[in-house]
Amino acid sequence: MKSILLIAVVVVATLLSSCNTIIGLGRDFRMMGDGMEKSANKAQGGSSSTTDTSGAPVY
């Protein structure tokens with residue numbers, strides 16, 4: 001049981017150790033949300049926003 005817990009902790013720590021990983025994940029979710037919002041606006045016949053928020057800070 002302890003070895004499984006230790007392996008799980010090592011795997012999670014490895015996956016989340018890089019700030020760029022978390023920043024990239026946040027950027028992907030934001031871009032996905034922007035795309036969904038644009039699609040919904042297009043389907044409703046509304047005007048789409050001209051503001052481009054797809055750029056994220058790169059560290």
Using beta carbons and a limit of 9 Å, which pairs, at least six apart or on different chains, have the first residue in the stretch 1-21 and in contact (Cβ under 8 Å) with a residue 40 or more places away in the chain and the second one part of a helix (DSSP H, G or I) and surrounded by 10 or more Cβ atoms within 10 Å (Cβ to Cβ)? none
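This table checks each residue for (1) exposed (fewer than 10 other Cβ atoms within 10 Å of the Cβ); (2) assigned to a helix (DSSP H, G or I); (3) at pLDDT below 75.
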position	(1), (2), (3)
Val12	no, yes, no
Gly24	no, yes, no
Phe29	no, yes, no
Gly33	no, yes, no
Ser48	no, no, yes
Gly55	yes, no, yes
Val58	yes, no, yes
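The values are calculated or read from the model by the stated rules, or taken from the named source; none is laboratory data. Treat the numbers as computed from the prediction; the structure is a model and nothing was measured. All Cβ positions, even for glycine, are placed from backbone atoms using ideal geometry, and neighbour counts span all protein chains on display.
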